[in-house]
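First comes the structure, then the notes that go with it.
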Amino acid sequence: MRPNARRELAVLAIFLLDRVGRRPLLLTGVAGQIVGLAILGAAFQFPQLASFKSDVAIGGLLIYVACLAFGLGPIFWLLISEIYPLKNRGVAMSAVTVTNWAINLLVAVTFLTLVSTLGHAGAFWLYGLVAIGAWIFFYKLVPETKGKSLEQIEGTLARGKIPAPTMKARGRFA
């Protein structure tokens, strides 16, 4: 991956956010991360891949990073700025930001322990399961905020109503 590719994919996501919507990019990006983690797990799990394991692992890693760059990476920050009520937004975003970085630290600190306990493949399979859980959570609970004012989003969430996810034409999530 080129040195600026991740940044370029994030810029692409910014341009697509209001055209495609947050949910489709989020769900597609996390699905791609799941695929990347599955490829990484397979690269280390199956001895049949030994002759080109590094190519498969690098491919899985590139898919994971690319999908993070246009999906969960930028959309996370946008969604947290949209879903909290104005009166609590500053405190809520601070708490979410600290939680995000704490979980990133937890992943970094525990990765080698996971690898020594579960093996390389097991660590990536576990991360893949977490990503599947995240995809299900996003699918069921994260509303589409495209084209809605902050007041409309706040009103919908304050009433405790999360619009039911639907499949639109051409396979997009709305």
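Coordinate-derived values only; no laboratory data. Computed from a predicted structure; not experimentally measured. We place every Cβ from the backbone using ideal geometry, glycine too, and count neighbours over all the protein chains shown.
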Rounded FRET efficiency, nearest 0.05, which uses the C-beta distance separating Y139 from V20 and R0 of 22 Å: 0.85
Chain lengthening between T97 and S51 when straightened (0.36 nm per residue, less Cα-Cα): 12.4 nm
Cα-based helix-to-principal-axis angle, 89-141 vs the chain, degrees rounded to 10: 10 degrees
Magnitude of the charge dipole, the chain, Cβ model with Lys/Arg +1 and Asp/Glu -1, debye to 20: 460 debye
Of the trypsin sites (Lys or Arg not before Pro) in the range 1-92, those whose Cβ has at most 15 other Cβ within 10 Å and which sit in DSSP loop: K87
Estimated FRET transfer efficiency when R0 is 30 angstrom, pair R159-V107 (beta carbons, to 0.05): 0.30
Angle between the chain longest axis and helix 5-20 axis [Cα atoms, degrees, rounded to 10]: 40 degrees
Cα gyration tensor, the range 66-162 - rounded (a/c under 1.5), prolate or oblate: prolate
Answer label, with semi-axes √(5λ) of the Cα gyration tensor in Å calculated from the coordinates and candidates [x] 32, 19, 15; [y] 26, 18, 16; [z] 42, 31, 17: [x]
Sequence-separation-based contact order of the range 5-171, relative, with Cα cut under 8 Å and 6+ spacing, percent: 32 percent
